[in-house]
Amino acid sequence: MRAAQRTVTLRSYERAVLSAPTRVKDALALDDGEQVERIKRIRLLEGDVFGYEERYIPIEFSSKITQQALKSKAIYSLIENSPGKLRRSFL
């Protein structure tokens, strides 16, 4: 990933499957008890930390995302290109 001729890299440091917290369940219009995967990543610009990212993704999509892909690609592009249909609430 490149930003204005500078190298951006990603470091995934946590993946955890859990029941969607209330705020996540409501935001994604999930059913009670539905599971999501929480993914935490660090963004590096030219090797220096410049951002922190925490995402909650429904299992139907996160289960198709590899650890290697998390190190080099935007999560939205990984979900957009995965098999399955996005629910309207995810858009």
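Summary table
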item: Close pairs (9 angstrom Cβ cut-off, 6 or more residues apart or separate chains): in contact (Cβ under 8 Å) with a residue 24 or more places away in the chain and over 23 Å from Gln67 (Cβ atoms) in the stretch 9-25, assigned to a strand (DSSP E or B) and aliphatic (A, V, I, L, M) anywhere; result: Pro21/Val36
item: Listing of helices (runs of 4 or more DSSP H) fully contained in the chain that carry 1 or more residues being buried (at least 16 other Cβ atoms within 10 Å of the Cβ) and at pLDDT 90 or above; result: 22-28
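The values are calculated or read from the model by the stated rules, or taken from the named source; none is laboratory data. These numbers come from a predicted model, not from an experiment. Please note: Cβ atoms are built from the backbone with ideal geometry, for glycine as well, and neighbour counts cover all protein chains shown.
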